[in-house]
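Student: Sharing a structure here in structure tokens format.
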Amino acid sequence: MVHPAARPWLAATWTGDPLPYEYRPLSGPTKIRVVGAHLDSHDGEICCRLVEIDLDSPDRPAFHTLSYTWGKPVSTSATSVLPLEIDDWHRETRIIVTGPDEKVAGGLSVTRNLHDFLCELRDRRPADMDYIWIDRICINQEDLAERSSQV
């Protein structure tokens, strides 16, 4: 666990519930947000940092991508067994997100399967992964124009 004094933005969220994360508009049409893959945590909550990169830049860092299931899983046969109850699959849980300056933090709801992935990523800390693009986190889901341009 990272002590909040080690991260100013985490200290601000140490007590109480953070406000919802507020996305800043992307600064250009070839820009995207990526998640720094070296995640922190506090009391089991995932804490991640969003960074803006330019896809056209020759200096852009390499990044992995994750697009997870949208909608509820559907069983296709009478004998198949889902790993989770359908209601559990979409149970929302919160992560803490900051922008690149690490000064503004906020809460963001994600599905249980995405939260589980982020916990694995935090615990394993793969050496070959510095950034990851995750549609649910990196795209402002409330901004229709941004969503349309990135999906």
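Student: If you take the residues of segment 142-151 that are assigned to a helix (DSSP H, G or I) and surrounded by 12 or more Cβ atoms within 10 Å (Cβ to Cβ), which of them is modelled with the lowest pLDDT?
Tutor: Across segment 142-151, the extreme among qualifying residues is 150.
Student: Now for a different question. Suppose we filter 95, 132, 139 for residues that are within 24 Å of residue 61 (Cβ to Cβ), within 11 Å of the chain's Cα centre (by Cα) and modelled with pLDDT under 90; which single one remains?
Tutor: Values: 132 fails: modelled with pLDDT under 90; 139 fails: modelled with pLDDT under 90.
Checking each option against the conditions leaves just 95.
Student: In this structure, is residue 112 among the charged types (D, E, K, R), at pLDDT below 90 and in contact with a Gly (Cβ under 7 Å, 6 or more places away or on another chain)?
Tutor: The answer is no for residue 112.
Student: A follow-up question, please. Only residues that are within 21 Å of residue 60 (Cα to Cα) and either within 9 Å of the chain's Cα centre (by Cα) or surrounded by 19 or more Cβ atoms within 10 Å (Cβ to Cβ) (or both): list them for segment 112-129, please.
Tutor: none
Student: Could I ask something else about it? Which of (1) at pLDDT below 75; (2) surrounded by fewer than 11 Cβ atoms within 10 Å (Cβ to Cβ) is the odd one out, the single condition residue 84 does not satisfy?
Tutor: Answer for residue 84: the failing condition is (2).
Student: Another question, then. With respect to residue 93, determine if the residue is farther than 15 Å from residue 49 by Cα, β-branched (Val, Ile, Thr) and touching a helix residue (DSSP H, G or I) at 6+ places or on another chain (Cβ under 6 Å).
Tutor: Answer is yes for this residue.
Student: Name the residues in segment 29-49 that are at pLDDT 90 or above and either hydrophobic (A, V, I, L, M, F, W, C) or out of contact with any strand residue (DSSP E or B) (no Cβ under 7 Å at 6 or more places or on another chain) (or both), would you?
Tutor: 29, 32, 34, 35 - these are the residues of segment 29-49 that are at pLDDT 90 or above and either hydrophobic (A, V, I, L, M, F, W, C) or out of contact with any strand residue (DSSP E or B) (no Cβ under 7 Å at 6 or more places or on another chain) (or both).
Student: Within segment 130-139, work out how many residues are surrounded by fewer than 20 Cβ atoms within 10 Å (Cβ to Cβ) and more than 13 Å from residue 64 (Cβ to Cβ).
Tutor: Within segment 130-139, residues that are surrounded by fewer than 20 Cβ atoms within 10 Å (Cβ to Cβ) and more than 13 Å from residue 64 (Cβ to Cβ) number 1.
The values are calculated or read from the model by the stated rules, or taken from the named source; none is laboratory data. Given the structure is predicted, the values throughout are model-derived calculations rather than measurements. Note: ideal-geometry Cβ built from the backbone for every residue, glycine included; neighbour counts use all protein chains shown.
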